[in-house]
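These notes concern the structure reproduced below.
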């Protein structure tokens, strides 16, 4: 289904970098629908009351959890001849051969000032830690936990293209960038709108390290993941490719497992079947996996479920640590200025996902203090599987237990 409708702008509700929220009235109202509704535009153009629009209304037709927004395809009246997504040197197309394909300034392409950098066949991540996760809602606690203990760190968010494609849709990214917690953002594949654009996840990671001179990379899916209730058809499968890329490029991969005890669906209770599928079957290279110790009977279930990860042929390194206190989550949320929630649940209702993300961020910070991973522009060495094992041992020995 691709459902289109015409509508009229009533007023502009919100203007943000890369995104505007409009109040619109559809030309044809369905029985029981609201008189006016909200629509998002990612175009860099002005809107005025009375402007006629062509809208993509598919998500609301299907009653999907998109936040209740239509999407603006474009203005539908009068002659149009304008560039609503200007670029500087870009010839690389994203969302190729769709009606909304656009040219972006890809860091690798020939006209890019960074093209010569990417001609180096032996370019690596030089051991840079990469924190990988499925849920976009865990990005803020992870970033803020790193900044809390290591305020000097340069942190870049690299967004793959398995979920939302326009990065402007993320309120969290906007808030973290505005506050200076994120040094830059990189959108890869068909995702677009980051400070840097890259054709692949590999070049996106390398751009974070060598163009933005980053200390830590966070690579999490954007908002709006898809799932089918199976171990094959969900957005997070792409993270196996991210682990492979980090490993092949000589980075240090850390993985935030998806853990919840508030989600009553059996496949997501404890360690999600998404995590066990990614790490237990699809990832063929090792990563450090952080597991929270909660100090009660839930630990037994986590240990049972973690065996599928521990027994993987990839030989992942499992590191356990005391779950951060709820007081710390509350303080991090207050610092962020937006609510911490995941899958429609606040952190007070479902705290374990956020505890797991903060623990993982703490592990990344401690690993950089181990002497094996340097920060602040110091030379780094590519990471081997032996280094991951040594890091896991170091983190285990130095982690507080309940």
(message) For the range 273-285, check the following and say yes or no: at least one residue is more than 17 Å from residue 132 (Cβ to Cβ) and either surrounded by fewer than 19 Cβ atoms within 10 Å (Cβ to Cβ) or assigned by TED's automatic domain parsing to the domain that holds residue 129 (or both).
(response) yes
(request) Give the residues of the range 336-363 that are at pLDDT 95 or above and over 19 Å from residue 258 (Cα atoms), sorted by residue number. (result) 336
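Test residue 332 against the stated conditions and say whether it is in contact with a helix residue (DSSP H, G or I) (Cβ under 8 Å, 6 or more places away or on another chain), more than 20 Å from residue 130 (Cα to Cα) and part of a helix (DSSP H, G or I).
Working: in contact with a helix residue (DSSP H, G or I) (Cβ under 8 Å, 6 or more places away or on another chain): yes; more than 20 Å from residue 130 (Cα to Cα): yes; part of a helix (DSSP H, G or I): yes.
Considered against the rule, which asks whether it is in contact with a helix residue (DSSP H, G or I) (Cβ under 8 Å, 6 or more places away or on another chain), more than 20 Å from residue 130 (Cα to Cα) and part of a helix (DSSP H, G or I), residue 332 comes out as yes.
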(request) Output yes when any residue across the range 293-305 is within 24 Å of residue 345 (Cβ to Cβ) and surrounded by 22 or more Cβ atoms within 10 Å (Cβ to Cβ), and no when none is. (result) no
(message) Please go through the range 95-136 and give me each residue that is over 21 Å from residue 211 (Cα atoms) and at pLDDT below 95, ordered by number.
(response) 95, 96, 97, 98, 99, 100, 101, 102
(message) Consider the range 151-172. How many of its residues are under 12 Å from the mean Cα position of the chain (by Cα) and closer than 18 Å to residue 207 by Cα?
(response) 7
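It is to be established whether one or more residues within the range 309-320 are closer than 15 Å to residue 138 by Cα, assigned by TED's automatic domain parsing to the domain that holds residue 276, in contact with a helix residue (DSSP H, G or I) (Cβ under 6 Å, 6 or more places away or on another chain) and crowded, with 21+ Cβ neighbours inside 10 Å.
Residues of the range 309-320 that are closer than 15 Å to residue 138 by Cα, as a first pass: none.
The answer is no; no qualifying residue exists.
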(request) Say whether the condition of being buried (at least 24 other Cβ atoms within 10 Å of the Cβ), in contact with a strand residue (DSSP E or B) (Cβ under 6 Å, 6 or more places away or on another chain) and within 14 Å of residue 129 (Cβ to Cβ) is met by at least one residue in the range 177-197. (result) no
(request) Could you tell me whether residue 229 is part of a loop (DSSP other than H, G, I, E, B) and either under 18 Å from residue 106 (Cβ atoms) or touching a helix residue (DSSP H, G or I) at 6+ places or on another chain (Cβ under 9 Å) (or both)? (result) yes
(request) Take residue 378 and decide whether it is over 17 Å from residue 318 (Cα atoms) and either modelled with pLDDT of 80 or more or surrounded by fewer than 22 Cβ atoms within 10 Å (Cβ to Cβ) (or both). (result) yes
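The values are calculated or read from the model by the stated rules, or taken from the named source; none is laboratory data. If you're wondering where the values come from, they're calculated on a predicted model, not measured in any experiment. Positions of Cβ are generated from backbone atoms using ideal geometry, with glycine treated the same way; all protein chains shown enter the neighbour counts.
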